[in-house]
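The values are calculated or read from the model by the stated rules, or taken from the named source; none is laboratory data. These numbers come from a predicted model, not from an experiment. FYI the Cβ positions are ideal-geometry reconstructions off the backbone, even for glycines, and counts take in every protein chain you see. Ligands, DNA and RNA are stripped out before the accessible areas are found, and what is left, the full protein with its side chains, is counted by its heavy atoms. Shrake-Rupley method; radii C 1.70, N 1.55, O 1.52, S 1.80 Å.
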Amino acid sequence: MKVAVFSTKAYDRQFLEAANSLTQLSTEETSTKQCLHELVFFEPRLSRDTAILAAGFPAVCVFVHDQVDASTLEILASQGTRLVVLRCAGFNNVDLQAAADLGITVVRVPAYSPYGVAEHAVGLILSLNRKIHRAYNRVREANFSLEGLLGFNLNGRTVGIIGTGKIGLILGQIMKGFGCQILAYDVYRNPELEKLGGKYVELPELFANSDIISLHCPLTPETHHLINAETIKQMKSKVMLINTSRGALIDTQAVIEGLKSRKIGSLGVDVYEQESELFFEDLSGEIIQDDVFQRLTTFPNVLITGHQAFFTEEALHNIAETTFANISDVEQGRPCPNEIRAQPEVEAKALVG
Ligand code: NAD
């Protein structure tokens with residue numbers, strides 16, 4: 001199938017092209033390469049303004065910040081596109097109802113990097129606790145003072161995990177290995193977490209007793225601004241907050257106030273509510289207009305990464321493999337297990353990242 005790939009970076013191209021190549025042995029035992037699908041790579045994000053690039057393509061392949069809203073879908077449909085292929089799990093950027101109305105199929109990659117994301121969360125925890133981000137800069141400037149670098153032992157501390165699906169469970173397993181106690185909150189209990197010794201509690205108990213709180217639930221209307229001025233008040237003094245899920249789980253302004261009052265001891269985030277204006281681009285020569293984000297970067301006890309928790313070789317490989325399996329299923333008229341439709345219960349989980 002001919003596929004217009006939007007928001008392409010060099011790493012996307014590398015992994016997608018590799019997964020798209022089929023190596024075949026000829027009779028002389030010289031190998032030849034054949035491609036599964038015809039890929040055309042575009043750097044811009046898909047939006048109503050760039051949809052014209054997909055004219056004549058039966059499929060478009062998109063990522064988390066592409067705008068697959070009703071107006072974009074109408075343009076795509078009028079140009080012959082019948083398939084939207086998400087190379088990510090979340091589909092909050094796709095108007096599923098509009099796609100259904102226009103006869104456009106939508107497929108995604110439901111899981112690709114649970115270990116990568118959990119391990120990145122642990123990286124944030126370790127760096128913030130032992131101030132490795134600060135120590136790195138100090139040593140490069142021959143400043144070997146230890147003032148301000150005091151950490152604490154993770155052993156014996158309590159980690160509160162909100163959302164104990166694939167990623168939250170792995171984080172629990174890793175933190176258990178450090179000798180931490182695990183408190184958990186989820187709308188469904190995960191027996192695997194309980195087997196680890198993790199204890200499910202209501203949110204107020206988790207907030208009141210956790211030294212570290214890590215968010216691993218999807219963004220839904222129920223979890224929007226789950227961390228806010230009221231819930232921060234319920235937390236332990238000097239709590240460490242980690243968010244590798246979705247930016248809008250946190251009311252950033254409330255967290256800034258919590259950091260200023262020292263109620264929040266440290267903050268590690270891989271996601272940010274307004275990240276689509278910033279992340280995945282080199283803006284080092286630009287004037288950043290987002291004052292809330294800029295304020296966050298001024299705190300010595302805040303560590304921000306730009307939505308890179310998923311970014312491992314294994315994840316990019318898995319994304320590419322599943323993407324082409326999805327396209328081939330649809331092309332050959334097979335049922336695709338990763339098709340998503342506008343259904344109420346699916347909509348409730350629609351904001352997974
Ligand atoms: P998952 O679906 O396996 O687990 C999510 C869990 O959250 C489920 O157990 C679900 O029951 C629970 N949940 C749903 N609503 C809840 C609520 N109101 N309160 C508490 N828990 C609730 O998803 P996953 O693969 O573990 O992914 C977790 C999150 O990680 C995703 O939502 C996504 O936003 C984020 N993510 C981030 C990156 C990244 O690169 N930073 C990559 C992939 C996923």
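Using a simple spin-label model with pseudo-atoms 7 Å out from Cα toward Cβ, GLN343 and VAL187 lie 1.5 nm apart. Counting only protein heavy atoms and a probe of 1.4 Å, the accessible surface of the chain is 51% carbon and sulfur. Only Cα pairs within less than 10 Å get springs; with that Gaussian network setup on the chain, which residue of GLY268, GLY179, GLY160 has the largest fluctuation? Its mean-square fluctuation being the largest, the pick is GLY179. Beyond 21 Å between alpha-carbons counts as too far, so tell me which of LYS131/LYS233; LYS233/LYS260; LYS166/LYS236 fall in that bin. Too far apart for the 21 Å limit: LYS131/LYS233; LYS166/LYS236. Springs join every pair of Cα atoms under 10 Å in this Gaussian network model of the chain, and among ALA142, ALA118, ALA229 the largest mean-square fluctuation is at ALA142. Extension gain for CYS35-GLU314 works out to 98.3 nm (0.36 nm per residue, less the C-alpha to C-alpha distance).
For the options ASN143, ASN318, ASN92, a Gaussian network treatment of the chain with springs between C-alpha atoms closer than 10 Å singles out ASN143 as fluctuating the most. For the stretch 225-340, the percent of C-alpha pairs falling in each 5 Å distance bin, counted from 0 to the bin holding the largest distance, reads 2, 10, 17, 17, 14, 11, 9, 8, 6, 4, 2, 0.
You can think of it this way: the chain between THR298 and LEU126 has 59.9 nm of extra reach, that is 0.36 nm per residue less the Cα-Cα gap. Couplings 3J(HN,Hα) for the stretch 75-89, derived from phi with the Karplus relation 6.51 cos²θ - 1.76 cosθ + 1.60 (θ = phi - 60°), are 5, 4, 4, 5, 9, x, 6, 10, 9, 10, 10, 8, 9, 7, 8 Hz, where x marks Gly and Pro. Overall dimensions of the stretch 294-347, expressed as equivalent-ellipsoid semi-axes from the Cα gyration tensor (√(5λ), whole Å, largest first), are 37, 18, 7. Within the assembled protein chains, the solvent-accessible surface assigned to GLU313 is about 130 Å², based on a 1.4 Å probe.
Its Cα gyration tensor gives the stretch 136-229 an equivalent ellipsoid. The semi-axes, each the square root of 5 times an eigenvalue, are 30, 17, 12 Å from largest down.
Between GLU141 and ALA111, the FRET efficiency from the beta-carbon distance, with R0 = 25 Å, is close to 0.05.
Annotation for SER237 and GLN14: the two label points, set 7 Å from Cα along the Cα-Cβ direction, are 4.8 nm apart.
FRET efficiency for the LEU53 to GLU277 pair, using the beta carbon distance and R₀ = 25 Å, is estimated at 0.70. Over the C-alpha trace of the chain, radius of gyration and Dmax come out as 22.1, 73 angstrom. Projected label points at LYS195 and LEU150, each 7 Å from Cα along the beta carbon direction, are separated by 4.1 nanometres.
Heavy-atom accessible area, probed at 1.4 angstrom with all protein chains present, ranks ARG82, ARG108, ARG157 as ARG82, ARG157, ARG108, highest first.
Please say if the stretch 215-257 is rounded, prolate or oblate, where rounded means a/c under 1.5 for a ≥ b ≥ c the square roots of the C-alpha gyration tensor eigenvalues, and otherwise the choice is prolate for a/b larger than b/c and oblate otherwise? Note, shape of the stretch 215-257 comes out prolate.
Put simply, the stretch 114-304 fits an ellipsoid with semi-axes of 26, 21, 16 Å; these come from the alpha carbon gyration tensor as the roots of five times its eigenvalues, largest first. The gain in end-to-end length when the LYS260 to ARG334 segment is fully stretched comes to 21.1 nm, 0.36 nm per residue minus the alpha carbon separation.
Computed from phi, the 3J(HN,Hα) profile of the stretch 237-248 under the Karplus parametrisation 6.51, -1.76, 1.60 (θ = phi - 60°) reads 5, 6, 4, 9, 10, 10, 9, 10, 9, 9, x, 6 Hz, with x in place of Gly and Pro.
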